[in-house]
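Here the structure comes first, spelled out in C-alpha cells, and everything after it is commentary.
The values are calculated or read from the model by the stated rules, or taken from the named source; none is laboratory data. None of the values given here were measured: they were computed from a predicted structure. Using ideal geometry, Cβ is built from the backbone for each residue, glycine included, and neighbour counts are taken over all protein chains shown.
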Amino acid sequence: MTHQKISMAQALNQALRDAMTADDSVLMFGEDVGALGGVFRITDGLTAEFGEDRCFDTPLAESGIVGMAIGLAMNGMRPVVEMQFDAFGYPAFEQIVSHVAKMRNRTRGRIALPMVIRMPYAGGIGGVEHHCDSSEGYYAHTPGLTVVAPSTVADAYTLLRRAIEWPDPVVFMEPKKLYWAKEEVDLTEPAPGIGTAVVRREGADATLIAYGPSVPVAMEAAEAAAAEGRELTVVDLRSVVPFDDETVCAAVRRTGRAVVVAEASGFASVSSEIVARVTERCFHSLAAPVRRVTGFDIPYPPPKLEKFQLPGVDRILDAVDDLQWEDS
Amino acid sequence: MTTVEEQLLPSKEPVRLIDQDGVLHDHSSYQLPTQQALVDGYVELIKGRRINDQASALVRQGRLAVYPSSHGQEACQVAASMVLADGDWLFPTYRDTVTIVSRGVDPIETLTLLRGDWHSGYDPYARNVAPQSTPLATQLTHAVGVAHAARLKGEDTVVMALCGDGATSEGDFHEALNFAAVFKAPVVFFVQNNGFAISVPLSKQTVAPSIAHKGIGYGVPGERADGNDLAGLLAVLGQAVDKARAGEGPQLVEAHTYRVQAHTNADDATRYRQDDEVTPWLAKDPIKRLEAYLSSAGLLSDDIKRRAEDAATRVAQQLRDGLMPEPSVDPEELFTHLYAVPTPQLAEQAAFLRDELAREEA
Ligand SMILES: Cc1ncc(C[n+]2csc(CCOP(=O)(O)OP(=O)(O)O)c2C)c(N)n1
Ligand SMILES: [Mg+2]
C-alpha cells in the first residue's frame with residue numbers, strides 16, 4: 001500500500017524513521033524529542049525503535065545542541081537536531097552563523113557538515129509570543145546554509161530525506177500550522193530535490209510566488225481569482241537557498257505580473273530578495289511592478305491579533321488587482 | 001573516604017612538581033614525568049618559544065597580519081599536545097599556534113589564518129586538529145560532539161579542548177561542560193588562565209575561588225596546576241586524559257600562567273597594567289625553571305641543548321622561508337568552498353568576478 005492519508009507531522013516522522021533505518025550514522029536529538037516524541041510529536045517512537053543512542057534528549061541549551069551536532073558531523077555522524085520553536089533557535093545563532101555556515105569554507109572544503117537543523121516555524125496557530133517567528137530570513141542571508149521550507153505532506157517527506165542526505169548543513173523550516181492537515185500521498189513517488197521550485201498551479205494572468213506556510217494561502221487565492229475570471233500561476237519555492245531563479249523567472253515571464261507572498265516581515269527579507277531578483281531578470285516581461293503581501297514590520301502579534309498580520313486571500317487578491325491591469 | 005564533592009574539587013594549591021628555582025617537590029597525587037618526557041618537553045619548549053618570537057618578528061615585518069603570542073605560556077602549549085595519543089583530537093584557539101605545531105601540523109599551514117591568505121590552512125583530519133577558533137568558547141561544544149561520536153563508534157579517542165580564562169564567562173563554556181558531563185564525553189577542558197582577557201583581569205571575569213572550581217557545578221572534576229611547570233602540567237593533564245579515556249567522563253584543568261606580552265601586537269598593555277605586575281612572572285618562566293631542574297639533575301647534556309637549538313633554528317628558518325614570500329591567492333577560491341555543489345547564484349558571481357578580472361587585465 002503506497003497511497004496513504006497522513007499529516008505533515010507523520011510524513012516528517014516517517015522521513016526520520018526511514019533515514020535512520022537507511023543510515024546508522026543518522027542521529028536525532030534536541031529538547032523533549034526522546035520519550036515525549038517532541039512537543040509536535042515529530043520524533044514520536046524513534047527512541048523506542050532506534051534506542052537512546054540514536055534519538056535522545058539533551059540538556060536544555062540550543063547553542064550546545066547545535067555545537068554538539070557540529071562535532072558529531074565532524075566525526076562521521078549525520079545529526080538532525082530540533083529547535084523546539086523558531087524563536088528558541090536564537091541561542092544557537094552564533095553556532096549556526098559562525099560555524100555551521102562557515103566550516104566548509106574556512107577549512108577549504110576539508111570539513112563538511114552534513115547536518116539538519118529542524119525548526120518548527122511561523123504562525124497561524126494561535127501561539128503566544130516567541131512561538132511564531134518566521135526566522136528564515138536570518139538563515140537565508142547567511143552564505144553556506146541551505147534553507148528549505150516544505151508546503152505539502154509529500155514534500156515534507158522528500159525534502160527532509162534529501163536534507164539528511166545533503167552534503168551540507170540544512171536549516172529545515174517546518175510550517176507549524178501545516179503539521180496536522182492530512183493529504184493523500186504516495187511517499188515512494190520520485191519528487192524533485194533541494195533547489196528546485198515547482199509550479200503548483202498554472203494560470204496565464206499573474207504569478208504568485210510563495211513558500212512554506214504561504215503556499216496553501218496562495219493556492220486558495222488562486223482558486224478565488226479563478227472564480228472571478230483571473231488565472232494565476234502559483235510557484236512553490238520549496239527551497240529558499242539554493243534559489244530556483246529559473247522556475248520563478250520562467251513563470252513570471254509567462255504571466256508578466258507577479259506577487260510574492262510570505263509571512264515574515266517584508267523589510268530586508270526573503271520576499272524583498274525575490275522582488276529584486278525577479279525585477280532584475282524579468283524587467284522587460286513585466287507589465288507592472290512586482291507586489292508583495294507579507295507580514296507587517298512588527299513583532300509577531302498575540303493570538304487575538306495574528307489575523308491582521310498573516311497574508312490572507314483578500315490581501316493577495318487586492319495585490320493582484322493592483323497589478324495595473326488597466327494598461328493591458 | 002572522600003565525599004563526591006571533594007572528588008570534584010581541585011587541589012588546595014595548584015599542582016607544582018618543579019618550582020621556579022628548578023627545585024623538585026613531591027606530590028601525593030601526581031608523579032614526576034619520565035626523564036625522557038621532560039627532555040623531549042624541554043626541546044619542544046625551546047622550539048615553541050622560538051615560534052612565538054619569530055612569528056612576532058614576522059608581524060613587525062608585515063608578514064603576518066597579527067599574532068596572539070603564547071610567550072610565557074609555552075609549558076601549557078607543549079603539555080597539551082604531549083599528553084595526546086595519535087588518534088586523539090585537539091581543539092585550539094587563536095593563541096595556540098605552538099600546541100598545533102607541537103602536535104605535528106605544518107607551521108606555515110598553521111599560520112595561514114594569521115597571514116591571511118585563507119582562514120584555516122591545515123587539514124584538520126591529518127592530525128585531528130580542529131580549525132583554530134576565534135569566537136570564544138564556541139569550539140568547546142564541538143569538542144563534545146567529536147568525543148560523543150567517538151564513543152558511539154566504540155573508539156577510545158580523547159578530545160583536548162582549549163580556551164582562555166575570559167572564555168570561561170561565555171555561555172558555551174558552561175553548555176559544553178554540562179553536555180560533556182551528561183553524555184560522559186571524553187573531553188579534557190584545558191583552560192589557560194593567563195590572567196587577562198585582552199585588558200580585563202580575571203577578577204572582573206569571575207569571583208569563583210578558581211576556574212577549576214567551576215567543574216563541580218556540572219559534576220565535572222576540576223584540577224589546577226602551575227601553568228609554568230611543564231612537569232606538573234604533564235602529570236595533571238596526563239592523568240585527566242587517562243581518566244577520560246577510561247570512561248570517567250570529562251575533566252576540567254586550569255593552568256595558572258600569565259600573559260607576559262600584550263594580547264596581540266595590536267594591543268597596548270600599558271593602558272591597563274603596570275610593568276611591575278609583569279616582572280615577578282618573568283622569574284617564573286617555564287623554560288628557565290625546567291632548564292634549572294634538568295641541569296641540577298644532570299639531564300641537560302650538550303647533546304640535548306644542541307637538539308633543542310637545532311629544532312628552534314630549523315622552525316624559525318622554516319617560518320621565515322615560508323612566510324617571507326607573498327602568498328599566492330586565487331580569487332576563484334572565494335566561491336568554491338561554500339557548498340559541495342555551488343549554487344547557481346554563486347556560479348554567476350564567480351563568473352562575474354572572473355570577467356571583471358579579465359577586463360582589468362586587458
Ligand atoms: C564571542 C567573542 N567575543 C569577543 C571576542 C573578542 N576577543 C578576542 S580574544 C578576547 C579575550 C579572550 O580572553 P581569554 O579567553 O582569556 O583568552 P586569551 O586571549 O587570554 O588567551 C576577546 C574579548 C571573541 N573573539 N569572541
Ligand atoms: Mg586570558
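Of these, B:Val144, B:Val129, which one is within 23 Å of B:Gly322 (Cβ to Cβ), at pLDDT 95 or above and surrounded by 19 or more Cβ atoms within 10 Å (Cβ to Cβ)?
Selected residue: B:Val129, the only one of B:Val144, B:Val129 that is within 23 Å of B:Gly322 (Cβ to Cβ), at pLDDT 95 or above and surrounded by 19 or more Cβ atoms within 10 Å (Cβ to Cβ).
Just to verify a result, which residue in region A:12-30, among those that are touching a strand residue (DSSP E or B) at 6+ places or on another chain (Cβ under 7 Å) and assigned to a loop (DSSP other than H, G, I, E, B), is farthest from A:Leu160 (Cα to Cα)?
From region A:12-30, those touching a strand residue (DSSP E or B) at 6+ places or on another chain (Cβ under 7 Å) are A:12, A:16, A:19-20, A:23, A:25-30; that's our starting set.
Narrowing the set further to residues that are assigned to a loop (DSSP other than H, G, I, E, B) leaves A:23, A:25.
On the way: A:Asp23: 14, A:Ser25: 16 Å.
The selected residue is A:Ser25.
Reported count of residues in region A:116-153, each being part of a loop (DSSP other than H, G, I, E, B) and under 20 Å from A:Thr196 (Cα atoms), is 9. For B:Glu254, the conditions (1) in a helix (DSSP H, G or I); (2) of a type in the set (D, E, K, R); (3) touching a helix residue (DSSP H, G or I) at 6+ places or on another chain (Cβ under 6 Å) are fulfilled apart from (1).
Output the residues belonging to region B:144-166 that are within 16 Å of ligand 2 (Cβ to nearest atom) and out of contact with any Phe, Trp or Tyr (no Cβ under 6 Å at 6 or more places or on another chain).
Across region B:144-166, the qualifying residues are B:Cys163, B:Gly164, B:Asp165, B:Gly166.
Checked against (1) within 15 Å of ligand 2 (Cβ to nearest atom); (2) within 11 Å of another protein chain (Cβ to nearest Cβ), B:Pro124 passes all but condition (1). Kindly indicate whether any position in region B:91-111 is of a type in the set (Phe, Trp, Tyr) and under 16 Å from the mean Cα position of the chain (by Cα). Among the residues of region B:91-111, at least one is of a type in the set (Phe, Trp, Tyr) and under 16 Å from the mean Cα position of the chain (by Cα), which makes the answer yes. It is to be established whether one or more residues within region A:92-115 are assigned to a loop (DSSP other than H, G, I, E, B), at pLDDT 95 or above and farther than 25 Å from B:Tyr122 by Cβ. Within region A:92-115 (the criterion being assigned to a loop (DSSP other than H, G, I, E, B), at pLDDT 95 or above and farther than 25 Å from B:Tyr122 by Cβ), the answer is no, since none of the residues qualifies.
Within the group A:Ser135, A:Ser151, which residue is in contact with a helix residue (DSSP H, G or I) (Cβ under 8 Å, 6 or more places away or on another chain), surrounded by fewer than 22 Cβ atoms within 10 Å (Cβ to Cβ) and either hydroxyl-bearing (Ser, Thr, Tyr) or more than 14 Å from every other protein chain (Cβ to nearest Cβ) (or both)? Write out each step before concluding.
Numbers: A:Ser151 fails: surrounded by fewer than 22 Cβ atoms within 10 Å (Cβ to Cβ).
Result: A:Ser135 is the single residue among A:Ser135, A:Ser151 that is in contact with a helix residue (DSSP H, G or I) (Cβ under 8 Å, 6 or more places away or on another chain), surrounded by fewer than 22 Cβ atoms within 10 Å (Cβ to Cβ) and either hydroxyl-bearing (Ser, Thr, Tyr) or more than 14 Å from every other protein chain (Cβ to nearest Cβ) (or both).
In the set (1) out of contact with any His (no Cβ under 9 Å at 6 or more places or on another chain); (2) within 14 Å of another protein chain (Cβ to nearest Cβ), the condition left unmet by A:Val270 is number (1).
The residue of region B:315-350 that is farthest from the chain's Cα centre (by Cα), among those that are more than 13 Å from chain A (Cβ to nearest Cβ) and surrounded by fewer than 13 Cβ atoms within 10 Å (Cβ to Cβ), is B:Pro331.
Taking into account only those residues within region B:186-223 that are among the aromatic types (Phe, Trp, Tyr) and surrounded by 24 or more Cβ atoms within 10 Å (Cβ to Cβ), which is nearest to ligand 2 (Cβ to nearest atom)?
Quick first cut of region B:186-223, residues among the aromatic types (Phe, Trp, Tyr) only: B:189-190, B:196, B:218.
From what is left, the residues that are surrounded by 24 or more Cβ atoms within 10 Å (Cβ to Cβ) are B:189-190.
Working: B:Phe189: 15, B:Phe190: 13 Å.
For region B:186-223, the residue satisfying everything is B:Phe190.
Taking the condition of being more than 7 Å from every other protein chain (Cβ to nearest Cβ) and more than 14 Å from B:Thr97 (Cα to Cα), how many residues in region B:128-142 meet it? Walk me through it before giving the result.
Just the residues of region B:128-142 that are more than 7 Å from every other protein chain (Cβ to nearest Cβ), to begin with: B:128-130, B:132-134, B:136-137, B:139-140.
Within this subset, residues satisfying the condition of being more than 14 Å from B:Thr97 (Cα to Cα) are B:128, B:136-137, B:139-140.
Of the residues in that region, 5 qualify.
Determine the pairs where a residue that is within 14 Å of another protein chain (Cβ to nearest Cβ) and more than 14 Å from B:Gln317 (Cβ to Cβ), located within region B:51-74, has a partner that is in a loop (DSSP other than H, G, I, E, B) and within 13 Å of ligand 1 (Cβ to nearest atom) with Cβ atoms under 7 Å apart, the partner being 6 or more residues away or on another chain. So the pair list comes out empty. Across region B:200-213, which residue is nearest to B:Tyr272 (Cα to Cα) among those that are more than 9 Å from ligand 1 (Cβ to nearest atom), assigned to a loop (DSSP other than H, G, I, E, B) and polar (S, T, N, Q)? Of everything passing the filter in region B:200-213, B:Thr206 is nearest to B:Tyr272 (Cα to Cα).
If you go through region B:98-121 and keep only what is more than 9 Å from chain A (Cβ to nearest Cβ) and either among the aliphatic types (A, V, I, L, M) or not in a helix (DSSP H, G or I) (or both), you end up with B:Val98, B:Ile100, B:Val101, B:Arg103, B:Gly104, B:Val105, B:Asp106, B:Ile108, B:Leu111, B:Leu114, B:Gly116, B:Asp117. Taking region A:64-110 as the range and being charged (D, E, K, R), more than 7 Å from chain B (Cβ to nearest Cβ) and over 16 Å from A:Val147 (Cα atoms) as the test, only A:Arg78 passes.
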